[in-house]
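> Okay, handing you the structure first.
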Amino acid sequence: MKLQLSKFDVLESTNTTAVTAAKEGAPEGTVIVAERQTGGHGRLQREWSSPKGGLWFTIVLRPKIDPQFVAQVTLLAGVAVTKALRILYKTDAIAIKWPNDLLLNKKKVCGMLSEMELDDKENIKYAIIGIGVNVATETKSFPLELQQTATSLNESMQASLSCEEVLDAILREFTELYDEWQQNGSAAMLQQWRSLNCTLGSMVKVKDDDQVIFAGTALAIDDQGAIVVSNNQGETQSFNFGEISIR
Ligand code: BTN
């Protein structure tokens, strides 16, 4: 995949700009980066605080896969970003919480939001993956409720990396992993996901719209990116939606 970066001082949301570009035919590898976003958003329409100091970007993709496996794009991005951040910050304490949060010592440092559109033959027209990394955002500038659950990498790791350095490292890992995945399939990527996550083996509560709908031990993720959870009664269910809290 060849990358083509477009950098902006301010955008409403890099995902919104990337969707527009993708609809207009932007090639795979188009990357939209903004220093800050005025309408950054996360999963479940949540507001995503995006001041200057964080890394906010979206990659346009045109993967040649069956749409039922599109959630693998998010898993792949989780692997790429975790690998890059672990190398840059020289720590193994960064891990993936299913489906798409990266935690550093249980606090969120990165979130991802993917979107896609199918064509009239039900093939993937485009997929985008939006990635937000709290590189140098000050935790005291976070909304109060976020201060308990999120942190900034530079602050926590007493580092002073720039957003550019972090972006370069992530894009390097991402393109290598993406090309390998498109050529050889998902086995290697899923194996890396399993070794970089902090979800499997833990007691989790699966939530949909903030309501707990199932609780048990997270056993596996399947090829469609769903999490497989087994409860005390021996019932096993897979979820490819919602989010989890880890006990
Ligand atoms: C989440 O954890 O809920 C996902 C957050 C995704 C945030 C990123 S920042 C870059 C891109 N633009 C957006 O508006 N959202 C994503």
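Values quoted throughout were computed directly from the atomic coordinates according to the rules given, and no laboratory measurement underlies them. Bear in mind the structure is a predicted one, so any value in this text is a computation, not a measurement. Neighbour counts run over all protein chains shown; Cβ positions are idealised from the backbone, glycine included.
> Quick one: among Lys64, Lys97, Lys106, which has the greatest mean-square fluctuation in a GNM of the chain with alpha-carbon springs under 10 angstrom?
Largest GNM mean-square fluctuation: Lys64.
> How high is the relative contact order of the chain, in percent, counting Cα pairs under 8 Å that sit 6 or more residues apart?
Reported as a whole number, the value is 17 percent.
> Please compute the length gained on full extension between Asp223 and Thr91, using 0.36 nm multiplied by the number of residues separating them and subtracting their Cα-Cα distance.
44.7 nm
> As a footprinting exposure proxy, order Glu122, Glu173 by other Cβ within 10 Å, with the fewest listed first. Present the calculation step by step, with values, prior to reporting the outcome.
Working: Glu122 8, Glu173 21.
Fewest-to-most Cβ neighbours within 10 Å comes out as Glu122, Glu173.
> Pull up all non-local amide H partners of Ile244: gap of 5 or more, or a different chain, and H-to-H distance under 5 Å with H placed in the peptide plane.
HN-HN under 5 Å from Ile244: Lys207.
> Could you sort out which of Lys52/Lys90; Lys64/Lys121; Lys106/Lys205 sit more than 18 Å apart by Cα distance in this structure? Please list the in-between numbers first.
Details: Lys52/Lys90 24 Å; Lys64/Lys121 13 Å; Lys106/Lys205 16 Å.
Over 18 Å Cα-Cα: Lys52/Lys90.
> So how far apart, in nm, are the two label points at Asp66 and Gln4 if each is 7 Å from Cα heading toward Cβ?
3.2
> A further question on this structure: How would you rank Phe239, Phe57, going from fewest to most other Cβ atoms within 10 Å of each one's own Cβ? All intermediate terms of the calculation are to be shown ahead of the outcome.
Values: Phe239 20, Phe57 24.
Ranked by crowding around the Cβ, least crowded first: Phe239, Phe57.
> While we're looking at this one, here's another question. Around Lys108, which amide H atoms from residues at least 5 apart in sequence, or from another chain, sit under 5 Å from its own amide H, with H modelled in the peptide plane?
Hits under the 5 Å cutoff: Ala150, Thr151.
> Moving on. In nm, to one decimal, how far is the modelled label at Glu47 from the one at Met203, with both set 7 Å along Cα→Cβ?
That separation, rounded to one decimal, is 3.5 nm.
> With an 8 Å Cα cut-off and a minimum separation of 6 or more residues, compute the relative contact order for segment 1-96 in percent.
Here the relative contact order equals 24 percent.
> For segment 74-87, in order, what is each residue's ³J(HN,Hα) by Karplus, 6.51 cos²θ - 1.76 cosθ + 1.60 with θ = phi - 60°, in whole Hz (x at glycine and Pro)?
5, 4, 4, 5, x, 5, 4, 5, 4, 4, 4, 5, 4, 5
> Rounded if a/c is under 1.5, else prolate if a/b beats b/c, else oblate: with a ≥ b ≥ c from the C-alpha gyration tensor eigenvalues square-rooted, which is segment 126-247?
oblate
> Search the structure for amide H atoms under 5 Å from the amide H of Phe8, placed 1.01 Å from N in the peptide plane, and list their residues when 5 or more places away or on another chain.
Here Val33, Ala34, Glu35 satisfy the definition.
> Continuing with this model, one more query. I want to check the label-to-label distance for Thr236 and Thr20. Put each point 7 Å from Cα in the C-beta direction and report it in nm to one decimal.
Label-label distance for Thr236 and Thr20, simple model: 4.7 nm.
> Please label the shape of segment 1-113 as rounded, prolate or oblate, based on the square roots a ≥ b ≥ c of the eigenvalues of the alpha-carbon gyration tensor (a/c under 1.5 means rounded; beyond that, a/b larger than b/c means prolate, else oblate).
Note, shape of segment 1-113 comes out oblate.
> Among Asp209, Asp222, what is the fewest-to-most ranking by other Cβ atoms within 10 Å?
Listed from fewest to most nearby Cβ atoms, that is Asp209, Asp222.
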